[in-house]
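A.B. asks: I'd like to ask you about the structure that follows.
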Amino acid sequence: MRIHYRIRNSIFGFGLAAAVFFVSVWAQSVDAESEGEYTNRYLQHKEAAEAASWSYVEGELNTHLPLVRIDTGGVEIPGTPILNDEGLTVGYELAVDGSTTIPAQVDIFDEEGVYHQPSGEPDQELSAQIRVRGNTSRLFDKKSYKLEFYDDNGLELSANVMGMGEHKEWALYGPFLDKTLLRNYLFLNLCGERDPYTADVRFCEVILNGEYQGLYVMMELVSRGESRVDLSPSSTRSDKTSYILRVDRMWDDPSELDTFSFYTNNLEPGSRISVIYPGTPTLTDMFQTFIEADFNAFEKSLYSYDFKDPEKGYRAYIDVQSFVDHYIIAEFLLINDICSRSTYFYKDLGGKLHMGPCWDFNNTADNFINPVSGADGTGFNYTQRSWFRMLLKDEYFVEQVIETYREMRDGGILDEDRLMEEIDGIIDYLGDAVDRNFQVWGYSFDPTQLNNHNKLRPVERNPQSYEEAISDLKEFLQVRGEWLDENIEMLRQYCHVSMIKQYLD
């Protein structure tokens, strides 16, 4: 099901559409509750209407995918890293006036069932502020961008982009290091079946200042909102609040928390935890103090002698299943950033702490620039990462991991046949958009044309064709799944009495 926000001329038509929409969503939510899964996620590669051939316009780009046309008036988009002589980032390029963003016109063509051409009439015409986004990905030749929409008066504007719900902030991700082009789209959609707050994603093609830029993925950012992480909003009438946290590299952000794991050296080196929601200026000292104390209460319970006690230990504070899911997905896909970069937590007021939603799969499945432990598909690689170091000492948590892993592999999101079918289905849907992308970026298959920021190391890890990139991904998933299928019960070693130094009577 795709959610459309269209203004109808007929009040009756609008009322009827609203009624149909309500009944549809209600029916799906009932099914989701009865099956224990979230079934109302729109899967573009399966549900998008096939484009009609009659809409072709000869002599220009014709795409069955949504099309994003960006015009900055020729002004260079700020945000590219500034490197010192050692190749380290020491800052970021700014606009001429010293700003981190510049204004841009963003036109979106996303009507289903037709081909889109840049000379056509867009379905949305939006004013935005734009900048280059990402961490290491800012150094890629193909840039990713952050978009923030505003109205004619310069006020924040929440726009429904490609049916993903209304919000003012969006990420336009350009797959470059990921030569398959599909890691983020594939794995975010799969994770969305476990956590409904996982970012929605849509493939699209991009034209920037009249130049074709290739295949992109429009993505929701992790933030609070009815169509995103739907938490109770903050209120000045309370000293408590819902919150979203992010673990990432240390950046001297005023929203960083003095957490128990940081000052006891249990957080990954170079990482800190900062508050994403409430954001500035809503994040008052009172709210920050509450969030800090609340998160520390969980961590202190986890590192206490009573950590396994259902009422005194960590289980009283967290949604255990969300931590279980995160560990399994990290181990299966080799997410080297887990617990150190791009890792999120959220907690609704009065609820329990959730790990998630998942974010950023560009570096997964042996696609990290430098080789990492487990690249051959074997081993448990993240048992000693931050919170998992303690969680895996509890038999209860370990058994939940084993049971959930088996469920995910038997018809679930990590089922091997399903993974292969999803990959093939996405490739079929993208069609000639893949060829168009590599007409611009095809040189990236030749490592001699890339600097060290734009290729895998050592050089032989780089695929030399799209077909090889897909084959590498499939092979990794098969090898990794086979090893974990045979060894998942070995996780019990981490909660054995000899491992956690319990005294025996």
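A.B. asks: For every other residue with a beta carbon closer than 12 angstrom to the beta carbon of N370, add +1 if it is Lys or Arg and -1 if Asp or Glu, then tell me the sum.
C.D. replies: Values: positive: K455, R457, R461; negative: D366.
So the environment of N370 carries a net charge of +2.
A.B. asks: Rounded, prolate or oblate: which one fits region 112-174, using the alpha carbon gyration tensor with axes a ≥ b ≥ c (rounded when a/c is under 1.5, else prolate when a/b beats b/c, else oblate)? Walk me through the numbers on the way to the answer.
C.D. replies: Values: a/c = 1.96, a/b = 1.21, b/c = 1.61.
Verdict is oblate for region 112-174.
A.B. asks: Going highest first, how would you order 379-389, 435-445 by mean Cβ packing within 10 Å? Display every interim value, and only then the final one.
C.D. replies: Working: 379-389: 18.5, 435-445: 16.1.
Order by mean packing, descending: 379-389, 435-445.
A.B. asks: Starting at 0 and stepping by 10 Å, how many percent of the alpha carbon pairs of region 368-409 end up in each bin?
C.D. replies: Bin by bin from 0 Å, the calculated values are 24, 43, 29, 3.
A.B. asks: For a quick check: with amide H placed at 1.01 Å from N, whose amide H comes under 5 Å from T343's, ignoring anything fewer than 5 positions away on the same chain?
C.D. replies: Here the answer is V247, since their amide H atoms fall under 5 Å of that of T343.
A.B. asks: Simple spin-label model, 7 Å along Cα-to-Cβ: E460 to D306 in nm?
C.D. replies: Rounded to a tenth, the inter-label distance reads 5.6 nm.
A.B. asks: How many percent of the accessible area of region 391-471 is carbon or sulfur, using a 1.4 Å probe? Walk me through the numbers on the way to the answer.
C.D. replies: Details: 1680 of 3740 Å².
Roughly 45 percent of what the probe reaches on region 391-471 is carbon or sulfur.
A.B. asks: Okay, moving on. Please give every one of the lysines within straight-line cross-link reach of K179, meaning a C-alpha to C-alpha distance under 27 Å, and leave out same-chain neighbours fewer than 8 residues apart.
C.D. replies: K46, K142, K143, K146, K455, K474
A.B. asks: Within the set of other residues whose C-beta is less than 9 Å from the C-beta of A199, count the net charge using Lys and Arg as +1 and Asp and Glu as -1. Write out the running numbers ahead of the final one.
C.D. replies: Values: positive: R228; negative: D200, E220.
Taking every other residue near A199 into account, the sum is -1.
A.B. asks: Hey, can you grab everything whose amide H is under 5 Å from the amide H of L215? Only 5+ residues off in sequence or another chain; H modelled, so Pro and N-termini drop out.
C.D. replies: HN-HN under 5 Å from L215: N437.
A.B. asks: Shifting gears a bit: Please sort through the DSSP H helices of the chain and keep those with an alpha-carbon extent of at least 30 Å along the long axis and a Kyte-Doolittle average not below 0.5. Intermediate results must be reported in sequence, preceding the final value.
C.D. replies: Details: long enough: 11-35 (36 Å, 1.09); 466-487 (32 Å, -0.85).
Helices meeting the criterion: 11-35.
A.B. asks: Just the Cα atoms of the chain: what Rg and Dmax do they give in Å?
C.D. replies: Cα only, the chain: 23.3, 83 Å (Rg, Dmax).
A.B. asks: Give me the net charge of L450's neighbourhood, meaning all other residues with Cβ under 12 Å from the Cβ of L450; Lys, Arg count +1, Asp, Glu -1. Write down the numbers at each step before the final one.
C.D. replies: Values: positive: K142, K179, K455, R457; negative: D141, D446.
Net charge in that neighbourhood comes out at +2.
A.B. asks: Taking every eigenvalue of the Cα gyration tensor of region 83-233, multiplying by 5 and rooting it, what semi-axes result, largest first, whole Å? Present the calculation step by step, with values, prior to reporting the outcome.
C.D. replies: On the way: eigenvalues 113, 84, 71 Å².
They are 24, 20, 19 Å, listed largest first.
A.B. asks: Once Rh for region 384-505 is found with the Kirkwood sum over Cα pairs, what is the Stokes-Einstein diffusion coefficient at 25 °C and 0.890 mPa s, in µm²/s? Don't jump to the answer; show the numbers that get you there.
C.D. replies: Details: Rh = 18.0 Å.
Rounded to a whole number, D works out at 136 µm²/s.
A.B. asks: A follow-up question, please. Enumerate the amide H contacts of L83 below 5 Å, restricted to partners 5 or more residues apart or on another chain; note that Pro and chain-start residues carry no placed amide H.
C.D. replies: V90
A.B. asks: Computed from the mean reciprocal separation of all distinct C-alpha pairs, what Kirkwood hydrodynamic radius does region 435-505 have, in Å? Don't skip to the answer; put the middle values down first.
C.D. replies: Details: mean 1/r = 0.0625 Å⁻¹.
Hydrodynamic radius (Kirkwood, Cα pairs) of region 435-505 is 16.0 Å.
A.B. asks: When the distances between all Cα atoms of region 231-338 are binned every 10 Å from zero, what whole-number percent does each bin get?
C.D. replies: Pair shares across the bins are 13, 38, 39, 10, 0.
A.B. asks: Follow-up question, since we're still on this one. Check cross-link reach from K308 to the lysines: straight Cα distance under 25 Å, and skip same-chain residues fewer than eight apart.
C.D. replies: List returned: K300, K347, K352, K393, K501.
A.B. asks: Distance from a point 7 Å along Cα→Cβ of S238 to each backbone N in region 263-283: keep the residues under 20 Å and list them by number.
C.D. replies: Backbone N within reach: 275-283.
A.B. asks: Per DSSP H run of at least 4 residues, take -39500 (n - 2.57); add these up for the chain, divide by its residues and hand me the 222 nm value, nearest 500 deg cm²/dmol. Let's see the in-between values first.
C.D. replies: Details: 12 runs with 145 residues, N = 505.
Dividing the helical sum by the residues of the chain leaves -9000 deg cm²/dmol.
A.B. asks: Oh, and also: Please sort 198-207, 281-290 by packing, taking for each peptide the average over its residues of neighbouring beta carbons within 10 angstrom, highest first. Please list the in-between numbers first.
C.D. replies: On the way: 198-207: 22.2, 281-290: 14.0.
Result, highest mean Cβ count within 10 Å first: 198-207, 281-290.
A.B. asks: In what sequence, highest mean first, do 492-500, 398-406, 116-124 appear when ranked by Cβ atoms within 10 angstrom?
C.D. replies: 398-406, 116-124, 492-500
A.B. asks: Quote the relative contact order of the chain in percent (integer), defining contacts as alpha-carbon pairs under 8 Å separated by 6+ residues. Provide the component values of the computation, followed by the final result.
C.D. replies: Values: 838 pairs, mean separation 63.2, N = 505.
Rounded, it is 13 percent for the chain.
The values are calculated or read from the model by the stated rules, or taken from the named source; none is laboratory data. Everything numeric here is computed off the predicted structure, so don't read it as measured data. Note: ideal-geometry Cβ built from the backbone for every residue, glycine included; neighbour counts use all protein chains shown. Accessible surface areas use protein heavy atoms only, side chains included; no ligands, DNA or RNA. Shrake-Rupley method; radii C 1.70, N 1.55, O 1.52, S 1.80 Å.
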